[in-house]
Structure formats: structure tokens, C-alpha cells
Amino acid sequence: MSPEALSLELKPKLAPKTKLRLDPKTGKYILLYPEKGLLLNPTGAAILKLCTGEQSLSAIIETLAEEFRSDAGVLRPEVLGFVQGLLDRGLLQVAP
Amino acid sequence: MTQEDRLYTLIAELTYLCPLRCVYCSNPTRLSDHPDRLSTADWLRVFEQAAKLGALQLNLSGGEPLLRRDLEELVAGAQSHDFYSNLITSGLPLTRERLLRLKQAGLSSVQVSIQDSLPDPAERIAGRASFEQKLNVARWVKELDLPLTVNVVLHRRNLDRIAEIIALAENLGADRLELANTQYLAWALENRALLLPSEAQLSTARAIAKAAKERLKGKIEVLFVLPDYYSDRPKACMSGWGKRYLLVTPDGLALPCHLAHTLPGLHFDSVQERSLDEIWHHSPAFAAFRGEAWMPEPCRSCERRELDFGGCRCQAFHLTGNAANTDPTCGLSPHHGLITEARARALEPALIPLAPRYREIRR
């Protein structure tokens with residue numbers, strides 16, 4: 001599925017197999033899952049911290065736009081692409 | 001060592017003891033040389049030192065880690081350092097109650113080995129009745145809301161049932177399915193003639209796994225690990241020697257990989273005598289195969305040398321007698337004939353032994 005097809009009403013949350021934590025060696029957040037880890041840039045970390053299953057993608061994008069003093073329209077494709085990638089890898093889930 | 005040599009994963013082989021006798025066990029064949037020597041306090045210290053070095057992942061492995069009666073305490077210790085802790089288990093012996101205690105202690109995830117989709121062939125490989133228990137354990141893992149990895153070691157006796165194996169993992173609700181072809185070292189090397197598949201068998205299975213991977217995308221992470229005997233280029237063993245992983249054996253040796261202590265001429269330190277920090281940064285054995293200075297040709301001038309690091313040092317030693325040779329699974333290795341001969345024998349039914357040699361502790 002292409003990221004543009006993602007509904008903005010979806011409420012993503014981290015899959016149970018993941019653990020989001022700070023990597024003290026690099027000062028960056030890392031998403032751990034069995035045998036692997038995904039080192040996150042500041043935007044990726046900010047997105048995932050909001051993926052609690054309680055906020056919709058549109059609310060997440062609004063929050064990020066405030067946090068990064070950016071435009072929601074500019075952020076949207078980046079956020080949707082990132083979320084879609086993690087959905088495909090089973091690292092994010094959406095409530096059925 | 002370089003800045004890039006960063007410990008990410010500690011593999012704690014808590015004991016080499018195991019109720020199963022799998023014919024491809026990756027533990028060393030001289031099991032009795034490495035009895036359990038580390039106390040609870042020793043392991044907790046090792047975890048703390050690994051966390052300080054930067055490790056984020058902890059694999060609790062063996063042998064069978066459930067045989068350690070202090071496993072709950074060890075999991076709690078791991079949790080205190082915020083490790084992603086993965087229990088790598090046969091599922092024997094385990095009750096649902098103990099699994100719940102492990103979860104409550106902070107266990108992150110469970111990997112259960114399953115030998116086949118059918119009980120009889122599964123138990124012929126494992127060397128004892130175990131199939132039902134394994135399915136029960138996998139179900140408890142899901143009931144207790146823990147992430148489940150199903151690990152299946154592939155070989156000529158189960159590759160033809162790969163579709164059924166995938167269906168079984170789906171049925172169990174696995175979050176991750178590791179379809180890992182046998183690595184022909186240790187017990188698997190002793191049983192290689194019996195386990196090595198034919199190329200045709202392998203490519204059929206590979207296509208089925210590939211389709212399943214696509215179909216299950218986002219639901220189950222499906223991994224299909226090719227056997228290096230058929231890949232023409234070696235594996236980046238352990239992502240490079242002393243680069244990402246450190247393994248501690250039941251008797252306390254700190255190693256760069258599962259079988260480094262079978263290589264001659266290298267002295268590995270015990271965690272009872274040195275800290276992981278000293279070992280990681282200053283041990284000559286960890287330095288031995290880091291970087292490229294040790295590499296012979298064809299590795300030294302190969303454009304893939306930073307991708308596969310010359311392959312597996314243990315495979316080089318156990319097949320060619322010299323750990324510093326290019327891994328013979330590489331098509332460019334002067335010893336590659338050892339691999340093509342083994343593949344040719346896999347096409348001669350008359351040469352395939354019927355009786356496996358089970359893992360045993362020889363004293």
C-alpha cells in the first residue's frame with residue numbers, strides 16, 4: 001500500500017515486540033525488536049513517541065508541526081512514509 | 001579496533017546442558033570441557049558490564065537456559081539495565097506459571113525452536129519427545145502477550161515441508177519466523193552428509209518462503225537464511241569478528257562468536273578474571289580478526305571485504321585447518337572445492353547416511 005493511501009484517522013501504536021529506548025552511546029533513540037534495532041533520527045523518534053494508539057495520524061502530524069515549528073502539509077508525506085514503512089515491517093500496528 | 005566496533009548484543013550461553021539432542025546443535029562437540037561455572041552474581045556482573053559497553057540486546061541462550069534455576073533473577077537483572085531480553089529456548093522444561101514469572105521479571109521476547117511441522121520427523125531430529133510441549137509453549141507465549149519468534153532450522157529432511165512449517169507458525173500466531181538453513185559447524189558438520197539439501201530442494205523451498213514473506217508482510221516477519229554452501233559468497237558472520245556481538249560461554253569465556261573457543265592458538269579470557277571492557281578493547285584474541293590486516297587473498301583486494309569480512313573464521317578452520325583462510329564457502333576461495341564436493345554428494349542418494357549422530361556429552 002502506498003503511504004498516500006493511509007487514512008489519517010488511523011491510530012498507530014508500537015507493536016508489542018518493540019522497545020523504544022535511548023541509546024546512551026549515540027544519544028539517539030533506538031527501536032529494538034528481536035535480534036535487531038533501528039536507530040532513529042530526531043523526527044523518527046518524535047513520531048514513534050506519539051504512536052501510543054491513542055492519537056490519530058492527523059493529530060500526530062499536528063503535534064509534530066508544533067514541535068518542529070513546521071507546516072503540517074510539509075510534514076505529512078514524511079510522516080506517512082515512515083509510518084507505512086514500519087507498518088510493513090510489523091513494528092507499528094493499527095487497532096483493527 | 002575502530003569507532004564502528006560497537007557492542008550491541010550480548011549472547012549469554014547460560015549452560016550447554018539441554019534436554020534435546022538435536023543433530024545440528026551449534027554448541028561445541030566437546031561439551032564436557034565447558035561445564036557451568038558462572039554464579040548468578042557472575043552473570044549479573046556480566047550484564048552490567050555489557051550494558052556499560054553499550055549492549056542493548058541480550059540473548060539468553062544455551063544449551064537450554066531454562067535449566068538455570070536462577071533464570072528469573074537473571075531476567076530481572078537484565079531488565080534493570082533496560083535490555084531487550086530474548087529467551088532462546090527449546091521450550092523444555094517449562095510451565096505456564098514459570099513463563100508468567102519470567103514475563104513479570106521483564107522478559108521482552110521468546111524464541112521457541114520447532115524442528116518440523118510433524119511430530120515424528122521433528123522428534124527424530126531433536127532426539128526425544130518434545131513436539132507437543134513446544135506447541136504448548138508457543139501458545140502460552142501468545143496467551144501471555146509476549147512476542148513469539150518461531151525458529152526452524154532447515155535441512156534436507158524438512159525443507160520439503162516448508163509450506164506446512166510456515167502454516168504452523170501462522171497458526172501459532174508467531175510474530176517472527178526464522179527459517180534458518182543449517183550452519184554446517186559443530187554437530188551439524190558431523191551430520192552434514194545427512195542434513196545438506198540438494199540445490200533443487202533448496203530453490204523450491206526458497207520460492208515458497210519468498211511468497212510467504214510477501215503474503216505475511218506486516219503480520220509475520222519471515223526470514224529465510226540461505227545456507228552459505230549454496231550462496232557462492234560467505235556470510236558476514238556475526239556482522240564481523242568483535243564488531244557487534246560478544247558471547248559468554250557457560251564456563252565464563254568471552255568470545256566473538258559461538259565457536260571461537262574451538263580455534264587453536266587464541267587465548268580467550270574468562271569474565272571471572274577480566275572485565276568485558278578490558279576484553280572488548282584489549283584482548284589480543286578479539287583483535288585477531290578485526291579489520292583487514294589479517295586477511296589473505298582473495299579477501300584482501302576483494303570489493304566485498306567490508307560486507308562479509310571474509311566470512312566465518314570457524315568454518316575456515318574446521319574445513320581448511322587454518323582460521324585465517326578465506327571462508328571456503330566463497331566461490332573465490334582456493335578451498336571452494338570442499339564445498340562443491342559436499343554439494344555433489346548431496347545428489348547421490350546412496351551416499352546419504354540414514355542414522356544421525358545425536359548430540360551427547362562425552363566425558
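Of note:
- Loop chymotrypsin sites (Phe, Trp or Tyr not before Pro), the range B:278-338 (other Cβ atoms within 10 Å of the site Cβ: 16 or fewer; DSSP): B:Trp294
- Most tightly packed first, judged by the mean number of other beta-carbon atoms within 10 Å of their residues, the peptides A:68-77, B:24-33, A:33-42 read B:24-33, A:33-42, A:68-77.
- The protein assembly as shown: C-alpha gyration tensor shape, a/c 1.5 cut-off, then a/b vs b/c: rounded
- With the charge dipole of chain B set up from +1 on Lys and Arg Cβ and -1 on Asp and Glu Cβ about the Cα centre, the Cα lying farthest toward the positive end among the listed residues B:Val248, B:Gln49, B:Val222 is that of B:Val222.
- Length-normalised contact order of the range B:1-156 in % [C-alpha pairs under 8 Å, at least 6 apart]: 23 percent
- Alpha-carbon centroids, the range A:3-67 and the range B:1-53: separation in whole Å: 32 Å
- Selection from B:Thr149, B:Val271, B:Gly127 lying farthest towards where the dipole of chain B points positive, charges on Cβ: B:Gly127
- Shielding score for B:338-345, defined as the mean number of other chain Cβ atoms within 10 Å: 0
- The range B:60-158 shape via C-alpha gyration tensor axes, a/c threshold 1.5: prolate
- Between B:Thr329, B:Thr182, B:Thr340, the residue with the greatest mean-square fluctuation in the GNM of chain B (Cα pairs under 10 Å linked by springs) is B:Thr340.
- Sites matching trypsin sites (Lys or Arg not before Pro) across the range B:286-345 that sit in DSSP coil, with at most 14 neighbouring C-beta atoms within 10 Å: B:Arg300
- The count of lysine pairs in the range A:8-96 whose Cα atoms are under 21 Å apart, excluding pairs fewer than 8 places apart on the same chain, comes to 16.
- Local charge for B:Leu266 was computed over the other residues whose Cβ lies under 14 Å away, with Lys and Arg +1 and Asp and Glu -1, and equals +1.
- At most 16 other Cβ within 10 Å, DSSP loop - trypsin sites (Lys or Arg not before Pro), the range B:173-219: B:Lys217, B:Lys219
- Inter-part distance where the range B:304-363 and the range B:102-145 are each reduced to a Cα centre, Å: 30 Å
- Sorting B:195-204, B:221-230 by their mean Cβ neighbour count within 10 Å, with the most densely packed peptide first, gives B:221-230, B:195-204.
- Cα gyration tensor, the range B:278-339 - rounded (a/c under 1.5), prolate or oblate: oblate
- Taking B:Ala169, B:Ala342, B:Ala293 as the candidate residues, the one with maximal mean-square fluctuation in a Gaussian network model of chain B, Cα springs under 10 Å, is B:Ala293.
- Average beta-carbon neighbours from other chains, 10 Å sphere, peptide B:147-153: 2
- Relative contact order [Cα under 8 Å, 6+ residues apart], chain B, whole percent: 20 percent
- GNM result for chain B, Cα springs below 10 Å: residue of B:Asn181, B:Asn322, B:Asn86 fluctuating most strongly: B:Asn322
- Working note: 222 nm ellipticity from helices only, DSSP H runs with n ≥ 4, each -39,500 (n - 2.57), summed and divided by the residues of the protein assembly as shown, gives -10000 deg cm²/dmol to the nearest 500.
- If only the Cβ of Lys and Arg carry +1 and only the Cβ of Asp and Glu carry -1, the dipole of the range B:119-268 around its Cα centre is close to 320 debye.
- Charge dipole magnitude, Cβ of K and R +1, D and E -1 - the range B:214-363, Cα centre, debye nearest 20: 420 debye
- Relative contact order for the range B:228-300, counting Cα pairs under 8 Å that sit 6 or more residues apart, in percent: 25 percent
All of the numbers you see were taken from the coordinates with simple rules; none came from a lab. All of these numbers come straight from a predicted model, not from anything done at the bench. Counting neighbours? That spans all protein chains shown, and the Cβs are built from the backbone with ideal geometry, glycine included.
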